[in-house]
Amino acid sequence: MKRNVLLLISAIIGTIYGIYLIAYFTGAVSGSSGTEQAGAALAGVLVMPHMAMVWIALIFNWLGYIFKLRWAALVAGILYAVSMVLFFVYFMFVVVEMILCFIAYAKMKKVE
């Protein structure tokens with residue numbers, strides 16, 4: 001069984017988005033002062049559950065791709081969906097990865 005290209009695409013997009021999240025929110029907190037810094041820290045706290053779910057989904061996404069694990073693709077898709085629920089404002093950044101993981105899960109052969 002060959003590796004699933006959809007999982008690779010999802011993992012690459014997700015990794016870019018995960019790096020963006022960390023860079024944006026750490027830069028927002030460190031690049032400001034006073035009340036701006038407090039507001040940026042509060043925004044970071046609100047986004048933290050979303051960010052954690054994205055990174056956990058990424059781990060399962062890469063595991064599914066590297067080791068050809070069907071269940072890992074499903075878990076990654078579910079975790080992307082959970083991250084979308086946790087911070088719905090950023091849904092457009094994870095909806096593609098979620099859909100690709102679910103399609104990859106459906107296309108992967110069931111190993112018995």
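Side notes on the structure shown:
- Three-way shape label, the chain, alpha-carbon gyration tensor, a/c 1.5: prolate
- The listed peptides 91-102, 13-24, 46-57, 31-42, ordered by packing as a protection proxy, come out as 91-102, 46-57, 13-24, 31-42 (highest mean of other Cβ atoms within 10 Å first).
- Carbon/sulfur fraction of accessible area - the chain, other protein chains in place, 1.4 Å, %: 76 percent
- Degrees, to the nearest 10: 95-107 long Cα axis against longest axis of the chain: 10 degrees
- Acute angle (nearest 10 degrees) that the helix 35-67 long axis makes with the longest principal axis of the chain, alpha-carbon atoms: 10 degrees
- Distance from the Cα centroid of region 18-41 to that of region 75-112 is 27 Å (rounded to whole angstrom).
- Arg3/Ser33 FRET efficiency (R0 41 Å; Cβ-Cβ; nearest 0.05): 0.30
The values are calculated or read from the model by the stated rules, or taken from the named source; none is laboratory data. From a predicted model like this one, the values you see are computed outputs, not experimental measurements. Neighbour counts run over all protein chains shown; Cβ positions are idealised from the backbone, glycine included. Note: areas computed on protein heavy atoms with side chains; ligands, DNA, RNA excluded. Shrake-Rupley method; radii C 1.70, N 1.55, O 1.52, S 1.80 Å.
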